[in-house]
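A quick write-up on the structure given underneath.
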Amino acid sequence: MIVAVIALAALVVLLAVALVVRSGVHRRRRKPGDRRILVPFTGGTLDPTVLDAAIRIAHAEDATLVPAYILIVPMRYSEDSPVVEEVGIAMPLLEAVERAAVRAGVPVDARIEKGRSLSHALRLLWEAENFDRIVAPATLQGGLTAKDLAWLLENAPAETLVLKPRPLTVVSVDGDERHASVAS
């Protein structure tokens with residue numbers, strides 16, 4: 001069992017190193033006056049409309065985009081335990097976000113933040129870093145719940161933008177209307 005945990009931890013480290021090496025991104029160091037835009041997301045996905053908007057804002061403000069995958073650690077595990085399956089989901093997403101931002105000429109400082117809840121993870125992140133703006137997704141795809149958004153709006157230490165992409169009305173073959181997100 002211990003050997004398996006060590007092997008999984010080593011795999012996570014190798015994946016992280018591979019991400020950094022493959023991306024070829026040269027992150028710039030934060031200078032006084034540099035702006036940072038946090039985009040927290042969870043649930044294994046980030047709505048493309050939210051990502052595009054965050055990239056446009058970062059580009060317009062000459063800011064660094066900070067996509068943060070929020071990893072919730074269940075109470076049955078210790079807080080610092082490796083959650084390999086979730087990290088395996090987060091890494092390819094962060095790599096895709098990083099590629100999209102780099103193509104747009106926006107510097108990226110991606111991360112995974114662990115916590116017992118979304119609010120706990122965000123508090124830890126805010127204690128460690130300062131952000132000028134937060135772009136929060138309010139969708140089923142990587143979005144935050146209404147409760148999470150209410151907490152975020154009350155407690156965020158920075159200007160906060162909540163973005164909920166407009167659902168599209170799709171008419172099915174049998175004539176029924178249903179809603180789908182832009183990313184569907």
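The values are calculated or read from the model by the stated rules, or taken from the named source; none is laboratory data. Everything quoted here is computed from the prediction, not taken from an experiment. Backbone-built Cβ (ideal geometry, glycine too); neighbour counts: all protein chains shown.
In table form, for the structure just shown:
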read-out	value
Qualifying residue in region 81-92 (condition: closer than 16 Å to Leu38 by Cβ and surrounded by 15 or more Cβ atoms within 10 Å (Cβ to Cβ))	yes
Restricting region 94-118 to residues that are free of Cβ contacts under 8 Å to residues at least 60 places away in the same chain and over 23 Å from Gly43 (Cα atoms), the residue that is surrounded by the most Cβ atoms within 10 Å (Cβ to Cβ)	Val106
Segments classed as strands (runs of 3 or more DSSP E), wholly inside region 103-184, with at least 3 members that are at pLDDT below 90 and farther than 18 Å from Leu38 by Cβ	168-171, 177-180
Number of the condition not met by Ala121 [criteria: (1) buried (at least 19 other Cβ atoms within 10 Å of the Cβ); (2) under 17 Å from Thr49 (Cα atoms); (3) among the aliphatic types (A, V, I, L, M)]	(2)
Verdict on Glu86 being in a strand (DSSP E or B) and within 14 Å of the chain's Cα centre (by Cα)	no
